[in-house]
Structures are given as C-alpha cells and as structure tokens.
1. Would you mind stating whether SER108 is closer than 26 Å to MET43 by Cβ, surrounded by 11 or more Cβ atoms within 10 Å (Cβ to Cβ) and at pLDDT below 80?
2. Looking at (1) under 13 Å from the mean Cα position of the chain (by Cα); (2) assigned to a loop (DSSP other than H, G, I, E, B), can you tell me which one GLY47 breaks?
3. Could you tell me how many of the residues in segment 2-53 are of a type in the set (Phe, Trp, Tyr) and either touching a Ser or Thr at 6+ places or on another chain (Cβ under 9 Å) or at pLDDT 75 or above (or both)?
4. How many residues, within segment 66-90, are within 11 Å of the chain's Cα centre (by Cα) and more than 16 Å from ALA102 (Cα to Cα)?
5. Show me the helices (runs of 4 or more DSSP H) found entirely inside segment 52-113 where at least 2 residues are free of Cβ contacts under 8 Å to residues at least 24 places away in the same chain and in contact with a Leu (Cβ under 9 Å, 6 or more places away or on another chain).
Amino acid sequence: MKVLKPAIANVLKRWHYPLDVILVCVRWYVAYPLSLRNLEEMMAERGIAVDHSILAVLDQPWGKSMVLVALTGWGHEENRQKSHRAGFNAHPVKPVDYAALAQLLATSPAGQQ
C-alpha cells in the first residue's frame, strides 16, 4: 500500500470528499478535456454534491486560502453536513451573529494575511 506524501495529503485534506472519488476526478480531468461542470456531474453520480463554481474558486491561486461561508436559513445538522461536503468552511444560520461571523473570518487563513 502506498502512502501519500505529506504535502499532497495536506492539499487533499481541505477537500471533504472520499479520496478515491477525488483521485478519479483528478485523473479524468487531466486525461480528458472535461469542464468543472463535468466533474460536478461525475461527483453527483457518486453521491457527492458539489458546485462547479466552488471547484473553480478553489482551483485558482487566489482561492486556495479563501474561506467559503454558506449563510442560509437552514440550520439542521444534515444541512450543515451537506454544505461542509460541498466545500464550505462554515455554515452560520440566519439571522447571522455579526460578531461570530467577524471572528470566523478574522481567524481564517485568509483573514490573517
């Protein structure tokens, strides 16, 4: 069994998806002229909901340290898990506590730059 190099493992741990699905998507994305929408469909076929726009943001150099916040009116644990799996870092519920949101953004890697 091969073990991932720490640098690669560190990059992949930001993603909240099964490693086998990530590697299949990366392999197909590199080998064939696929769009991020195609990757979104491939992941959906494997039971993982992700938005291609999030993939596009996280694929950019400026998006690597971006904090994605899903501010919604849906606060059940299932909703929080779905947003986490879709790539969001936080899931505050409306009405938002502005102090807590400011704290979240200030303690994020992007907010510390």
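The values are calculated or read from the model by the stated rules, or taken from the named source; none is laboratory data. None of these values were measured; they are calculated from a predicted model. Quick reminder, even Gly has a Cβ in these numbers, built from the backbone with ideal geometry, and neighbours come from all protein chains shown.
1. Working: closer than 26 Å to MET43 by Cβ: yes; surrounded by 11 or more Cβ atoms within 10 Å (Cβ to Cβ): yes; at pLDDT below 80: yes.
Yes; evaluated as a whole, the condition is true for this residue.
2. (1)
3. Step one: list which residues in segment 2-53 are of a type in the set (Phe, Trp, Tyr), which gives 15, 17, 28-29, 32.
Restricting the remaining residues to those that are either touching a Ser or Thr at 6+ places or on another chain (Cβ under 9 Å) or at pLDDT 75 or above (or both) gives 28-29, 32.
Matching residues across segment 2-53 total 3.
4. Qualifying residue count for the region: 7.
5. Values: elements: 52-59, 77-85, 98-107.
Counting at least 2 such residues, we get 52-59.
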